[in-house]
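Heads up: the structure comes next, in structure tokens.
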Amino acid sequence: MQTTTGKIINQLRLDERIEQLSRIGRIVETGVCRLALTQEDMEGIIQVRLWMEEAGLMTRLDPFGNLIGRLEGTDSSLPILMIGSHIDSQPYGGRYDGAIGVLGALEAVQCLMEQGIRPRMPIEVIAFCDEEGSRFNKGLFGSRGITGQLEEGELERQDKNGVTRREALEAFGCAPEKFAEAIYPAGSIGSYLELHIEQGPVLESLDSPVGLVTGISGPLWLTVTMKGMAGHAGSVPMGMRNDALVGSAKVIAAFDDMVREEPEAPTVGTVGSLRVFPDSRNIIPEEVSFTVDLRDMEMERRNRLEGRLMSLLDDVSSKYGLTYSLTEDTNSEPRYCAERIKNAIRSSAEEIGLPLPELMSGPFHDALALSYVCDYGMIFVRSKDGISHHPSEYSSSEDIALGTEVLYRTIRQMCIPEISSIGTDV
């Protein structure tokens, strides 16, 4: 059992908010389905906005669908200290992914106010829109939006029901024509902090409740479409088939073998979604689309694997009489956390006697988008059995409270040279 001292954040309040938010979009006993820009997402936004306003923050919902709560500093011209994460979920997700980052940020800033500390710089607590990317197959939408990183055609991306992102935003009460007004000017965000569950097994293996993130691996997302020829499953001889599913299966299996070749490397590769047309028991598949998710901390190795995947697609297509096309949905290099922020997080953990192991993040987060416009830092909270994106995802109340305490003390420390204390010494 880890011994710590001097906890200031209100753990009971944080627990209650996490539990209450998890009821919105709840599936099975502990799961959540709160897809971006849906009714469930709006209900979550309304609830979190209410808590922000009760805490004394000024709130707004921007054109990208981001919920922002602002605490003014004594000098509003200074670059913003931004803190947050997201509340949208995977279709079969858990109650902690993203949510603890938003609610932990709110708790930390609320404690700052309750301790009588008014920072000189403005602080913004933000719940970013569509971090997950599960509905429109392109994540980090809100964080890329405010930093001017959206790509052509993103508003016309469709979900599985044919609803475009533009239509979903407009139904959410957002105005895409006002995007330009909502982009933060260069230099206006000074630092970004994010608290998040680890979503992996490292902290648990070290028996550590909280960890310091040193960087985020670079994700490459592709969508591959392989085309052959449909035919009757009973009458076309095996040697005369152009089976798009068999070809896709060969590529997928070989890709999995490729990314396993260096067991000690942080390389990971996943095919997580597959569509078959015409999708009938007795018809040879004519067209198959599948996603590729390739991540690594070393761009040279990732680029090498991407090249091998392209060669593999050429070879398999030639062998099975297929054609293929692909789209690049996401492509980012690894991004490393700022040393000055890591130092602030380290010393904040030391204040409460909390050892802080350091680890990389395989999953990407909104911090990845923010890293292109400002320094960033991240704090991880231990995940039971390393499970995430699943209803059994779990982080204990005590671990979340410790992570939030470190976040609070980091915010306070980053404000120390530029604060005025109102009635309370901390």
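The values are calculated or read from the model by the stated rules, or taken from the named source; none is laboratory data. It should be emphasised that the depicted structure is a prediction, and the values quoted were computed from it without experimental measurement. When we count neighbours, we look across all protein chains shown, and the Cβ atoms used for this are built from the backbone with ideal geometry, even at glycine. SASA here: full protein model, heavy atoms, side chains in, ligands and nucleic acids out. Shrake-Rupley method; radii C 1.70, N 1.55, O 1.52, S 1.80 Å.
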What is the percent carbon and sulfur in the accessible area of region 251-375, measuring with a 1.4 Å probe over the protein chains and ignoring ligands? 48
Classify region 1-92 from the C-alpha gyration tensor, please: rounded if a/c falls under 1.5, else prolate or oblate depending on whether a/b exceeds b/c. oblate
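So if I take the alpha carbon set of region 168-258, get Rg, then get Rh from the Kirkwood formula, what is the Rg over Rh ratio?
Checking Rg against Rh, the ratio lands at 1.20.
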Using the crude model of +1 on Lys and Arg Cβ and -1 on Asp and Glu Cβ, and no other charge, please compute the dipole size for the chain relative to its Cα centre, in debye to 20. 340
What's the center-to-center distance, using Cα atoms, between region 256-294 and region 105-156 in Å? 32
Can you pull the percent of region 178-237's accessible area that's carbon plus sulfur, 1.4 Å probe, other chains left in place? 62
With every protein chain in place, region 30-129: carbon and sulfur % of accessible area (1.4 Å): 50
Under 13 Å from the Cα of Lys178 - aspartates and glutamates, other chains or at least 8 residues apart: Asp62, Glu170
Working only with C-alpha atoms, what are the Rg and Dmax values of region 210-354, expressed in angstrom? 20.8, 74
Step through the residues of region 362-367 one at a time and calculate ³J(HN,Hα) from phi using the Karplus curve (6.51 cos²θ - 1.76 cosθ + 1.60, θ = phi - 60°), rounding each to whole Hz and writing x for Gly and Pro. x, x, 8, 9, 4, 4
Given a 1.4 Å probe, the accessible area of the chain per residue, as a whole number of Å², is 42
Over the Cα atoms of region 145-216, how large are the radius of gyration and the largest Cα-Cα distance (Dmax), in Å? 18.2, 49
Round to the nearest 10 and report in Å² the accessible area of Lys319, as given by a 1.4 Å probe over the protein chains' heavy atoms. 150
Using square roots of five times the C-alpha gyration tensor eigenvalues, list the equivalent-ellipsoid semi-axes of the chain in whole Å, biggest first. 41, 23, 20
Average projected area [Cα convex hull, region 333-402], square nanometres: 5.6
